[in-house]
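The values are calculated or read from the model by the stated rules, or taken from the named source; none is laboratory data. Everything quoted here is computed from the prediction, not taken from an experiment. Cβ placement follows ideal geometry from the backbone for every residue including glycine, while neighbour counts extend to all protein chains displayed.
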């Protein structure tokens, strides 16, 4: 039987496994991690790339996401195979956002020079309303970072991955009505933190 192109690609991906996977001592864990990486790497790269916009940084986020997955392989085993892509995408998205925020902090901490272009008028779209929206977006991201991981995950599942309540419930081992309750609570906490930091509901 002639191997399919898909099989050949899978073998090639497995042959290029990161050291963190090949170094796993348990055979079953190593095999599962290798299968997840080979099967979902493309999905994870697309998700990271949509946030970071650079191939090398997207790859870095995928590596970090795989480290997190490896730490929770027992949890992954309990997720049905047809739902693992959602889980891997969510973990990758969180890793990419963490990387993005870390790079932003590093840039802010290392910036010591003066750029005269900062005093120059911005383009037409950088008017007062655009600047206000940017400030609100930064403030909102700061508030999101304060949420517990569980609430952050459930918001990511619902509003970034656009999963229905039933799918979120399966991924998190909850009942759909509990998911709705947690979503409401997370949104309420996020709005409260946003207002406490000076944010407004006005556009």
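Among the candidates 101, 105, 68, which residue alone is at pLDDT 90 or above and either more than 15 Å from residue 35 (Cα to Cα) or not in a helix (DSSP H, G or I) (or both)?
After applying the criteria, what remains is 68.
With respect to residue 96, is the statement that it is part of a helix (DSSP H, G or I), buried (at least 17 other Cβ atoms within 10 Å of the Cβ), assigned by TED's automatic domain parsing to the domain that holds residue 75 and at pLDDT 75 or above true?
For residue 96, the condition - part of a helix (DSSP H, G or I), buried (at least 17 other Cβ atoms within 10 Å of the Cβ), assigned by TED's automatic domain parsing to the domain that holds residue 75 and at pLDDT 75 or above - is met.
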